[in-house]
Amino acid sequence: MKFKLTLSNGTVSNFKLKIPGIKTDLIKGNTISSTSIKNLEIFNEGTIAIFDIKDDKNNKLPPIIIELKT
């Protein structure tokens, strides 16, 4: 599994990923950590939040909410 966050203009420099019941992961760059990948593989249902997204010009972008249902 791979997860890469991209923008149409610019580059993602960092963001935070919140999976319910798991400590928030601070990601430098645009690809989630191997730990978060493992956590997503066992996550069944609920809301995942990607927030504090910043681009290479230090602009803060709106959060992304992903709802997973089984």
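The values are calculated or read from the model by the stated rules, or taken from the named source; none is laboratory data. Predicted, not measured: the structure shown is a model, and the values here were computed from it. Note: ideal-geometry Cβ built from the backbone for every residue, glycine included; neighbour counts use all protein chains shown.
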*Under the condition of being in contact with a strand residue (DSSP E or B) (Cβ under 8 Å, 6 or more places away or on another chain) and acidic (D, E), which residue from the stretch 29-60 is nearest to S8 (Cα to Cα)?*
D55
*asked:* So, restricting to strands (runs of 3 or more DSSP E) that lie completely within the stretch 1-57, which ones have at least 1 residues that are modelled with pLDDT of 90 or more, acidic (D, E) and within 12 Å of the chain's Cα centre (by Cα)?
replied: 25-28, 46-55
*Within the stretch 27-65, how many residues are of a type in the set (D, E) and surrounded by 15 or more Cβ atoms within 10 Å (Cβ to Cβ)?*
2
